[in-house]
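Here it is, the structure, as structure tokens.
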Amino acid sequence: MADIIKLLPDHVANQIAAGEVVQRPASVVKELLENAIDAGASSIKLIVKDGGKALIQVVDDGIGMSGTDARLSFERHATSKISAAEDLFNLSTKGFRGEALASIAAIAHVDLHSRTASSETGTHIKIEGSKVISQEVTATPKGTSLAVKNLFFNIPARRNFLKGNQVELKHITDEFQRVALVHPGVAFQYYNNGSELFNLPKENFRQRIVHVFGSKMNERLVPVEETTDVVSISGFICKPEFAKKSRGAQFFFANGRYIKSPYLHHAVSNAFEGLIKPDTHPGYFLFLEVDPRAIDINIHPTKTEVKFEDEPTIYAILRSAVKHGLGQFSVVPSLDFERDRNLDTPYAYQEKEAVLPKVAVDQAFNPFEGIDSTKSVTPSFKKESVTGWEHLYENLEEDSNEAFSSVHFESGLETPEIFDQKESELAPTQHTFQLQHKYVVTTIKSGLLVINQNRAHKRILYDRFLERKELCKGVSQQLLFPLKLEYSLQEIQLLKNLEQELVTLGFVLVFDDKESLTITGIPNIMTESSIATVLAEIVNQFEDDHTPKVSNADLIAKSLCKSLAVKNGQQLVPESQMALVNDLFGCGEPKVDPFNKMIYTLVGVDEIDKKFV
Ligand code: ADP
Ligand code: MG
């Protein structure tokens, strides 16, 4: 048989390598930002268009490249960062594989401008799909500008696989934040479709965190500091009362590089144990410095997973450092698990200083005058009830119940098969009772129907929200006092993108500045006290973004029904129970809730009969 093995041509090899290096626009952003950092830049600009699909450009003021280097940088395994295998164990740069530029140039249109400090003229290179289109001498500032256009132009399957611009932008922002956080000494600017998303001056780490996550972050941070022979740990953790349902702000950096480590994450979570609710996550920004020889960053192609030589020791040190941090700032005793801070005071008021009452004081006043001195005069401070927040839900419940009673249960509605019986047979629905404040039980001809109240209500609300949306008739009620809410830059960005949907639902809102919005009208199906929770839930859903394919309207409806549905454990008056049952079977799909969970189960008479034989 003739020989059949051939070496792949370079451009094919590069395309294959690109599959590993470049999954999406955010991967390009990561590589380019890291190259700029490695080039010693003190100021870096990131420009993105259409979620990075149309353009990703990184401009730096670093060391630049000579004409020859500029050309070479696009060759595979071309790197200035290591020259021998031993160097791999002593890395101080982000890059070292020399694959990124070659891979990117294989699957996009690339435009490079670069000049070194010692050269008067710079180089301009154009490459399309690994093919050099032109290389010429040009006038350009010191440093490098690399523009990547039309990513995956020659791999339509990959291009089609990309998510919507918004989702891709979110991934880019994640990468940007990771790099920006670990390099506070470098100034960053970040633009999307011409508008500025971040403008970060050179600053210290704490300032950088606050600039990235919004000014309210400042009061939340507690420093962590620990130096040992094995590892030096520094950075911040967020006070336990600010633990969030989403895993938003959790960052580990090892030797200047963002890393993921479920193992070390566990160490931090463990230190927080008992201080935060089980379904919430602590925020942290922690730097680990270890001997470069004691860390292997090479085990994963995208280099976020690392291997430490002495993981158990690092685990123990980290855990105790975090515990120490928590203890030192005596944040522990002020905890109150049951309290939902979102519901406390409108954000705007939390910021305000307390106004000192101006009272004329009677200096001669003696509070003990006339009191029987034998009586104990222990002041009786009324301790705020930990369950007090429930009252804040009162309106909400009322509201939900009202939603029940305003049912349009039409007798002519198509009912699912378990209600295939004649209309009169539905009559027993007049009898309902609640089991453990969790299930609404009713009887039908063939048996007992046990309904999960929370899921049933979710289904009802979800359908109602979508219906409202489709009919575009969100009815708004005006707030007596506008409600000002504060968010981080990204959260505001996210809410801005949903503005259309929110308005359709009945929200009237104005975006004041980069970190706050004012609400003057809300959908009439909500109460004012629930707004902060509802919007927080919406932000959560979108941040988690596990199901990017569903529409915004759907995600909003899901968030709303999640936060507004009656909870399990909540007592329902008989009328509400009845309305719940009737409403549920007025829905098109009463069997499962919007999250695909079973809503009810039927315990058939025959099953019961069997128990009596
Ligand atoms: P790596 O970063 O792994 O070395 P890359 O493909 O990302 O591989 O880059 C190849 C080489 O191009 C780098 O080693 C560096 O010498 C040069 N280079 C890339 N980007 C820049 C930049 N922004 N400024 C200066 N040199 C750069
Ligand atoms: Mg690189």
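The values are calculated or read from the model by the stated rules, or taken from the named source; none is laboratory data. Just so it is clear, the model here is predicted, and its values are computed rather than measured. A quick note on method: Cβ atoms are made from the backbone with ideal geometry, for glycine too, and the neighbour counts reach across all protein chains shown. The area values use the complete protein model at the heavy-atom level, side chains included, leaving out ligands, DNA and RNA. Shrake-Rupley method; radii C 1.70, N 1.55, O 1.52, S 1.80 Å.
Consider only pairs whose beta carbons are under 9 Å apart and that are at least six residues apart or on different chains; among these, list those whose first residue lies in segment 62-78 and is assigned by TED's automatic domain parsing to the domain that holds Gln135 and whose second residue is in a loop (DSSP other than H, G, I, E, B) and β-branched (Val, Ile, Thr).
Ile63/Thr116; Gly64/Thr116; Gly64/Thr140; Met65/Thr116; Ser66/Thr116; Gly67/Thr121; Asp69/Thr116; Ser73/Thr79
Among the residues of segment 502-519, are any assigned by TED's automatic domain parsing to the domain that holds Ile451 and exposed (fewer than 13 other Cβ atoms within 10 Å of the Cβ)?
Within segment 502-519, one or more residues are assigned by TED's automatic domain parsing to the domain that holds Ile451 and exposed (fewer than 13 other Cβ atoms within 10 Å of the Cβ).
Which one of Ser563, Ser530, Ser551, Ser516 is without any contact (Cβ under 8 Å) to a residue 24 or more places away in the chain and within 28 Å of Lys244 (Cβ to Cβ)?
Testing whether each residue is without any contact (Cβ under 8 Å) to a residue 24 or more places away in the chain and within 28 Å of Lys244 (Cβ to Cβ) leaves just Ser551.
Assess whether Thr140 counts as being part of a loop (DSSP other than H, G, I, E, B), among the hydroxyl-bearing types (Ser, Thr, Tyr), surrounded by 16 or more Cβ atoms within 10 Å (Cβ to Cβ) and in contact with a Gly (Cβ under 6 Å, 6 or more places away or on another chain). If you could, list the steps in order and put the result at the bottom.
Working: part of a loop (DSSP other than H, G, I, E, B): yes; among the hydroxyl-bearing types (Ser, Thr, Tyr): yes; surrounded by 16 or more Cβ atoms within 10 Å (Cβ to Cβ): yes; in contact with a Gly (Cβ under 6 Å, 6 or more places away or on another chain): yes.
The answer is yes for Thr140.
For segment 22-54, which positions are open to solvent by 20 Å² or more (accessible area, probe 1.4 Å), more than 12 Å from ligand 2 (Cβ to nearest atom) and not acidic (Asp, Glu)?
Hits for segment 22-54 are Gln23, Arg24, Gly40, Ser42, Ser43, Lys45, Ile47, Lys49, Lys53, Ala54.
Grab the helices (runs of 4 or more DSSP H) fully contained in segment 517-613, keeping just those with 2 or more residues being closer than 15 Å to Leu505 by Cβ.
528-544, 552-564
From Val573, Val581, grab the single residue that is open to solvent by 10 Å² or more (accessible area, probe 1.4 Å), farther than 27 Å from Leu480 by Cα and not assigned by TED's automatic domain parsing to the domain that holds Gln166.
The unique qualifying residue is Val573.
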